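Just below is one structure, and these are the notes that go with it.
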Amino acid sequence: MITNFFKNKIIILLLIITILFIYTLIPKNTNDQITYQSVFNDYVYLLDQDNYLVRTEAIFSSNDQAALLKEKIAYLIIDSPQNILIDNAYKPLIPKNTKVLDLRIDDATIKVDFSKELLNISPALEEKMIEAIIYTLTEDDSIKEVMIFVEGTLITNLPNSHITLPKKLNREYGINKVSNLTDYKNIAKTTVYFIKDDHYLPVTLINNDNHEKVEIIINELKSNNINDPDLVSYLKASTILENYEILSNSINLSFNKYIFDDFKNKLISEEVKYAIYFSLKDNYQIKEVNYLYDNQVVSQINT
């Protein structure tokens, strides 16, 4: 029997094939030469049925950075035409009829001016909406900070709860937050990527853990202290992080043999490698993670 998950995958695949076919039929004239518009995949953050924001694959066609970021925002708007290209298990959060009035990129900061409809958000979802905007736009490695405006005015408070927002928002703001504080001093935020329904899902842990973030990440992926059975990690509990080295643009991680999915061929599963990599990228300004065993690099991920 085909599950709903695989049915949705088949639908998305058919949509991609259809779009690719249509684009190959549409010529684009440049300097009297015929070229063809290409499409590619990238990621946005949408809400799933369990109220988690999930890193969701989407289809894009803009090669220009500003145009691509506008395309990404369009996926976040309710009733946008782009929504038909997304698995219906994942929902956008920006209120319908919201427009992007202006979008400017200044060095590593993107400034987005929305129409007033952005404020028509329910109290329960307003912080999730902000998180979705931040994480979707900073998925582009060259964008580090986001400034959100409405009709020309910088938003410094959430519209309903009036929670104060930093003028410049980045991934330190957090996403899918889980709080476990024993006191309000020495508060730490660490974002860890789990897997849910074959999608990577970041969770920001807010606690008083003063360990180095790389240690927290590995420990959480081994133990999953969130206690949500839907959030999966393929890192074995017997895996030990024996040593690590944090460099300017990379991190070296030395593990025992239980890091391997296949010890004979020294293979680490893609799910383990990328869950660790995405988690470290969110918490450190790095571009590369090296996985070591017995002082030898056995795998590497970089951007």
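The values are calculated or read from the model by the stated rules, or taken from the named source; none is laboratory data. Computed from a predicted model, the values in this text were never measured in an experiment. Virtual Cβ from ideal backbone geometry, glycine too; neighbours counted across all protein chains shown.
All told, K213 meets the bar of being assigned by TED's automatic domain parsing to the domain that holds S279, over 18 Å from the mean Cα position of the chain (by Cα) and over 21 Å from E270 (Cβ atoms). Taken together, I206, I187 contain a single residue that is among the hydrophobic types (A, V, I, L, M, F, W, C), surrounded by fewer than 17 Cβ atoms within 10 Å (Cβ to Cβ), at pLDDT below 95 and closer than 20 Å to G174 by Cα, which is I187.
Just one of (1) part of a loop (DSSP other than H, G, I, E, B); (2) in contact (Cβ under 8 Å) with a residue 12 or more places away in the chain fails for N227. It is (2). The lone criterion from (1) in contact with a Ser or Thr (Cβ under 6 Å, 6 or more places away or on another chain); (2) β-branched (V, I, T); (3) within 16 Å of I301 (Cβ to Cβ) left unmet by V214 is number (1). In the stretch 156-173, of all residues being in contact with a strand residue (DSSP E or B) (Cβ under 7 Å, 6 or more places away or on another chain) and without any contact (Cβ under 8 Å) to a residue 24 or more places away in the chain, the one that is surrounded by the most Cβ atoms within 10 Å (Cβ to Cβ) corresponds to E172. Are any of the residues in the stretch 284-292 in contact (Cβ under 8 Å) with a residue 40 or more places away in the chain and acidic (D, E)? Within the stretch 284-292, not a single residue is in contact (Cβ under 8 Å) with a residue 40 or more places away in the chain and acidic (D, E). Among the residues that make up the stretch 113-122, is at least one of them of a type in the set (V, I, T), more than 21 Å from V203 (Cα to Cα) and assigned to a strand (DSSP E or B)? For the stretch 113-122, residues of a type in the set (V, I, T), more than 21 Å from V203 (Cα to Cα) and assigned to a strand (DSSP E or B): absent. How about the stretch 63-100: which of its residues are outside any helix (DSSP H, G or I), in contact with a Ser or Thr (Cβ under 7 Å, 6 or more places away or on another chain) and surrounded by fewer than 18 Cβ atoms within 10 Å (Cβ to Cβ)? Hit for the stretch 63-100 is K99, nothing else. Residue count for the stretch 161-181 satisfying the condition of being more than 20 Å from the chain's Cα centre (by Cα), of a type in the set (S, T, N, Q) and closer than 29 Å to N227 by Cβ: 2. Among the candidates T191, T239, T204, the residue that is in a loop (DSSP other than H, G, I, E, B) and at negative phi is uniquely T239.
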